[in-house]
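A quick write-up on the structure given underneath.
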Amino acid sequence: MRLVWKLLRRHISLPQLAGFFFANLLGMTIVLLSLQFYRDVKPVFSEEDGFIRPDYLILSKRISALSSIGLGSVSTFSEKEMDELSAQPFAKRVGAFTASQYKVSCSMGINGVAQFGTEMFFESVPDAFVDVDLQKWHFSEEDGVVPIILPKTYLAIYNFGFAQSQNLPKLSEGIVGMVEMTISMRGNGLSEYIKGRVIGFSTRLNTILVPESFIRWSNARYAPDADTEPSRIILEVSNPADDAIVNYINAKGYEMEDDKLDAGRMTFFLRLVSGIVMLVGLFISLLSFYILMLSIYLLVEKNTEKMRTLLLIGYSPASVALPYQLLTIGMNALVLLLAIGGLCAVRSIYMGQLLSVFPQMSGGNILPALMLGIVLFALVSLANAYVIRNRINKIWNNKD
């Protein structure tokens with residue numbers, strides 16, 4: 001192969017290969033950096049929640065002074081209102097919060113010793129809106145244990161308010177999952193107990209969430225005649241940045257919990273900008289691939305007679321194509337390594353700035369960007385090898 005390489009490298013154009021190299025390096029770096037920047041910055045605009053996705057909005061009706069004494073408009077959503085909301089272009093799915101209609105209290109303790117108790121309530125949403133394993137998010141009378149998702153704010157209130165004032169131990173999320181919960185349910189002439197188990201905490205839900213199957217069973221058992229029209233609904237939107245959402249909510253006099261729409265908008269725009277930058281990087285990479293193919297074609301044209309001679313004296317098409325293939329693979333590998341180095345250097349700069357402003361944030365790891373770089377390297381290298389081998393085969397078969 002050394003003889004083949006000496007014969008074929010004479011007409012290699014260094015400026016053309018340098019053009020391919022730097023264009024490919026620029027494109028690869030932009031692609032990897034855009035993906036990594038999106039993953040690192042996304043938690044700033046939308047805190048990750050393992051149970052409720054950021055494109056879910058929670059709506060309720062405004063409570064006026066007249067409503068609180070029964071003279072204003074009702075604060076629940078009718079079936080007609082939910083159907084109207086479902087028909088809006090921005091709405092993908094609409095679900096209702098179903099509240100417990102009976103009295104609930106809970107005592108919590110460790111090793112059978114109750115530490116404290118409190119009155120509480122339950123709500124549920126359709127299972128499709130809860131991002132949790134449905135094997136865990138299920139209730140049956142035979143098991144007698146109800147899974148619960150609590151708001152993180154409740155844990156903070158307990159740790160930094162109640163526990164501190166009552167000299168009680170502070171609890172972490174993991175410890176709460178091991179705490180024994182005994183739930184008392186009273187209504188319809190019945191008073192019964194059931195076990196509860198906290199399976200997680202949510203930053204986006206300000207309610208005590210239980211499976212919908214449990215709410216239906218318990219309401220039918222302890223409050224069969226109660227009105228179950230929802231006072232809150234959960235809405236999945238296709239585009240959180242759509243102004244039609246805000247216009248519709250304002251026109252109907254609805255309220256949205258916290259700033260979820262603003263967070264959804266920022267996340268959407270971040271995703272959009274990152275996608276555009278990534279497309280630009282991919283376009284530059286495609287241009288560099290075209291430059292390389294053009295360089296190889298010109299090089300092959302200059303060496304056509306030499307290649308034909310080599311093939312005629314016994315060299316196989318694979319051995320003639322191998323030097324060019326190794327050249328392109330080596331350049332692609334060097335591009336990948338330099339792009340990863342550039343990614344790490346730039347990331348260290350902007351992460352330092354972000355952490356100084358948002359010290360609580362935790363950026364994502366670079367593994368997805370590395371995997372994307374390896375995939376691009378493999379695709380480009382395979383494409384280069386195929387095109388070179390195909391061109392050599394055409395010379396061997398006298399098809400050029």
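The values are calculated or read from the model by the stated rules, or taken from the named source; none is laboratory data. Since the structure is predicted, the reported quantities are computational estimates derived from the model, not experimental observations. Note: ideal-geometry Cβ built from the backbone for every residue, glycine included; neighbour counts use all protein chains shown. With ligands, DNA and RNA removed, areas are computed over all heavy atoms of the protein, side chains included. Shrake-Rupley method; radii C 1.70, N 1.55, O 1.52, S 1.80 Å.
Worth pointing out:
- Residues located in the range 215-227, provided they are surrounded by 15 or more Cβ atoms within 10 Å (Cβ to Cβ) and touching a strand residue (DSSP E or B) at 6+ places or on another chain (Cβ under 8 Å): ILE215, SER218, ASN219, ARG221, TYR222, ALA223
- Qualifying positions in the range 305-326 - among the β-branched types (Val, Ile, Thr) and without any contact (Cβ under 8 Å) to a residue 60 or more places away in the chain: THR309, ILE313
- Any chance PHE201 is open to solvent by less than 70 Å² (accessible area, probe 1.4 Å), in contact with a Phe, Trp or Tyr (Cβ under 6 Å, 6 or more places away or on another chain) and assigned by TED's automatic domain parsing to the domain that holds SER105: no
- The residues in the range 163-212 that are among the charged types (D, E, K, R) and not in a strand (DSSP E or B) can be counted, and the count is 4.
Yes/no per residue for (1) crowded, with 16+ Cβ neighbours inside 10 Å; (2) of a type in the set (Phe, Trp, Tyr); (3) in contact with a Phe, Trp or Tyr (Cβ under 6 Å, 6 or more places away or on another chain); (4) modelled with pLDDT of 75 or more:
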site	(1), (2), (3), (4)
GLY144	no, no, no, yes
ALA156	no, no, no, yes
ASN159	no, no, no, yes
PHE162	no, yes, no, no
GLU192	no, no, no, yes
LYS195	no, no, no, yes
SER213	no, no, yes, yes
PRO230	yes, no, yes, yes
VAL237	yes, no, yes, yes
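- Selected residue (criterion: nearest to ASP55 (Cα to Cα)) from residues of the range 88-109 that are outside any strand (DSSP E or B) and among the hydroxyl-bearing types (Ser, Thr, Tyr): SER100
- For LEU338, the conditions (1) touching a Leu at 6+ places or on another chain (Cβ under 8 Å); (2) open to solvent by 70 Å² or more (accessible area, probe 1.4 Å); (3) at pLDDT below 75 are fulfilled apart from (3).
- Per-region count, the range 131-142, residues surrounded by 14 or more Cβ atoms within 10 Å (Cβ to Cβ) and at pLDDT 80 or above: 3
- The set of residues from the range 239-270 being modelled with pLDDT of 80 or more and not hydrophobic (A, V, I, L, M, F, W, C) comprises ASN247, TYR248, ASN250, LYS252, GLY253, TYR254, GLU255.
- Some residue of the range 213-234 being in a strand (DSSP E or B) and of a type outside the set (Lys, Arg): yes
- Hits in the range 164-189 - residues which are open to solvent by less than 30 Å² (accessible area, probe 1.4 Å) and touching a residue at least 40 places away in the same chain (Cβ under 8 Å): VAL179, MET181, ILE183, SER184, MET185, GLY187
- Hits in the range 381-400 - residues which are open to solvent by less than 60 Å² (accessible area, probe 1.4 Å), modelled with pLDDT of 80 or more and either closer than 18 Å to LEU337 by Cβ or charged (D, E, K, R) (or both): SER381
- Condition check for GLY330: surrounded by fewer than 16 Cβ atoms within 10 Å (Cβ to Cβ), assigned to a helix (DSSP H, G or I), out of contact with any Gly (no Cβ under 9 Å at 6 or more places or on another chain) and at pLDDT 75 or above: yes
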